[in-house]
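These notes concern the structure reproduced below.
The values are calculated or read from the model by the stated rules, or taken from the named source; none is laboratory data. As the structure is a computational prediction, the values presented were derived from the model and not from experiment. Please note: Cβ atoms are built from the backbone with ideal geometry, for glycine as well, and neighbour counts cover all protein chains shown.
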Amino acid sequence: MPKILIIDDERSIRRTLKEILEFESYEVEAVEDGIAGVKEAMANQYDVIFCDIKMPQMDGIEVLTKLKNDGLETPIIMISGHGNIETAVESIRSGAYDFIEKPLDLNRILVTIKNALEKTDLVEETKVLKKVIKSQSKHSAIVGDSKPIQAIREMIEKVAPSDARVMITGPNGSGKELIARQLHDQSNRKKGPFVEVNCAAIPSELIESELFGHEKGAFTSAVKQKKGKFELASDGTLFLDEIGDMSASAQAKVLRALQENRITRVGGEKDIKVNPRVVAATNKDLRKMIADGQFREDLFHRLSVIVIENPSLNDRADDIPLLANYFIEKLCQEHGMPQKTFTDSALKALQAVNWTGNIRELRNIVERLIILCDAEISDKDVKTFVTTK
């Protein structure tokens, strides 16, 4: 449900506008002055903001300027009973989405909200694409020289140029996403988006909307059309993480999408052509889930043209010194700290740890050590702050 913030010092305007918008199924918060409005807008996420221009203490133009200078991208609609062309021009120049004069016209308000929400969608899609580009340019290569990692690199080099679907298996925290990103970066689709979906983190009733999108009115909170991840990942890579947690109904629709390269948005009737390269990952035994009737065998075979088995960190202990040194350099830079180092005995002590959380756990422990220890981290430090086997 879209959230709207009203900033207006007139109680009657706040009450009336709030009641109208709540009747139209929007979630609405209203505050009575500019200072409170800035605080509320920065503390919580809103899809649209209405802001009066003439207010005591901090007027609407000041509110608008403050929010835009702080990087807020939410569409802000200015309202005023003292409207003139100069005020409207000043509002738009300061970053307002639109300007509406009092007395407020209901139809104008609703149309403006609809258009502003569509702009919010475009902003969110742009953010996703910017994040994709940033991650593609900055994320690291796979670190390690152990035989399992060398085998994975060779497999990626062979598989990446094709559009073959890949299933990546391995325990939590072992770096399955990094393998998926390497497949994308070395593919012919590297200029396209890398779109990730964590199937375990999305409620089952929302997974289909997330994957395939929905049409306006498809369900109670579907007040606008939304593209799904299959559409957003067209001409790029769609990474379905934790695929073993996907609901049975979503599995059936994913199978159809893979078979036909077409999807239908929730609540829609029109088939939409899509063209993502699909890479999936799981920490579960999908063959056992198939035997137990919890995962579709036909979907498994569609997804696992190529299988890459990612080992646990305990199975590639020879890589721990390389990984630890990589993380210590990176994390010291991120924290703005002087560079710290591990002694040889500290690295051996790290190799003695039972890594139940794999690479993610190693990174967290290195971060803990650089914060709590002196410039040279010893085996004693490791034994003090880390539980070993």
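Does region 172-179 contain at least one residue that is out of contact with any helix residue (DSSP H, G or I) (no Cβ under 6 Å at 6 or more places or on another chain), farther than 26 Å from G267 by Cβ and of a type in the set (A, V, I, L, M, F, W, C)?
Yes, region 172-179 has at least one match.
Please return the ranges of helices (runs of 4 or more DSSP H) entirely within region 310-389 where 3 or more residues are surrounded by 14 or more Cβ atoms within 10 Å (Cβ to Cβ) and under 26 Å from the mean Cα position of the chain (by Cα). Give the steps one after another, and end with the answer.
Working: elements: 320-335, 344-351, 358-372, 379-385.
Result: 320-335, 358-372.
Please determine, by comparing only the residues of region 152-167 that are part of a helix (DSSP H, G or I) and under 23 Å from E242 (Cα atoms), which one is nearest to the chain's Cα centre (by Cα).
So the residue we want is I156.
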Just for region 19-43: of the residues that are buried (at least 18 other Cβ atoms within 10 Å of the Cβ) and assigned to a helix (DSSP H, G or I), which one is farthest from the chain's Cα centre (by Cα)?
-> G34
In region 245-287, what residues are under 26 Å from K224 (Cα atoms), basic (K, R) and more than 22 Å from the chain's Cα centre (by Cα)?
-> K253, R256, R262, K270, K273
Answer with yes or no whether V63 is touching a Lys or Arg at 6+ places or on another chain (Cβ under 9 Å), in a helix (DSSP H, G or I) and assigned by TED's automatic domain parsing to the domain that holds P75.
-> no
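Looking at this structure, is A96 in contact with a strand residue (DSSP E or B) (Cβ under 7 Å, 6 or more places away or on another chain) and not acidic (D, E)? Give the derivation first.
Numbers: in contact with a strand residue (DSSP E or B) (Cβ under 7 Å, 6 or more places away or on another chain): yes; not acidic (D, E): yes.
For A96, the condition - in contact with a strand residue (DSSP E or B) (Cβ under 7 Å, 6 or more places away or on another chain) and not acidic (D, E) - is met.
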Pick from region 204-221 the residues that are at pLDDT below 85 and not hydrophobic (A, V, I, L, M, F, W, C): which of them is farthest from N115 (Cα to Cα)?
-> S204
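Name the residue that is farthest from K54 (Cα to Cα), counting only residues in region 81-99 that are among the hydrophobic types (A, V, I, L, M, F, W, C) and crowded, with 18+ Cβ neighbours inside 10 Å. Before the answer, list the steps.
Applying the first criterion (among the hydrophobic types (A, V, I, L, M, F, W, C)) to region 81-99 yields 85, 88-89, 92, 96, 99.
When the remaining residues are screened for being crowded, with 18+ Cβ neighbours inside 10 Å, the result is 88, 96, 99.
Numbers: A88: 13, A96: 15, F99: 13 Å.
The extreme case among them is A96.
What residue, of M58, M78, is surrounded by fewer than 20 Cβ atoms within 10 Å (Cβ to Cβ), free of Cβ contacts under 8 Å to residues at least 40 places away in the same chain and either of a type in the set (A, V, I, L, M, F, W, C) or farther than 21 Å from P2 by Cβ (or both)? Outline the logic, then answer.
Working: M78 fails: surrounded by fewer than 20 Cβ atoms within 10 Å (Cβ to Cβ).
Exactly one of M58, M78 is surrounded by fewer than 20 Cβ atoms within 10 Å (Cβ to Cβ), free of Cβ contacts under 8 Å to residues at least 40 places away in the same chain and either of a type in the set (A, V, I, L, M, F, W, C) or farther than 21 Å from P2 by Cβ (or both), namely M58.
Listed here are the residues, each with its yes/no results for (1) assigned by TED's automatic domain parsing to the domain that holds G144; (2) modelled with pLDDT under 95; (3) surrounded by 22 or more Cβ atoms within 10 Å (Cβ to Cβ); (4) over 28 Å from T356 (Cα atoms).
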| site | (1), (2), (3), (4) |
| --- | --- |
| V223 | yes, yes, no, yes |
| G228 | yes, yes, yes, yes |
| D235 | yes, yes, no, yes |
| N261 | yes, yes, no, yes |
| E269 | yes, yes, no, yes |
| N283 | yes, no, no, no |
| K288 | yes, no, no, no |
| G293 | yes, no, no, yes |
| V305 | yes, no, no, yes |
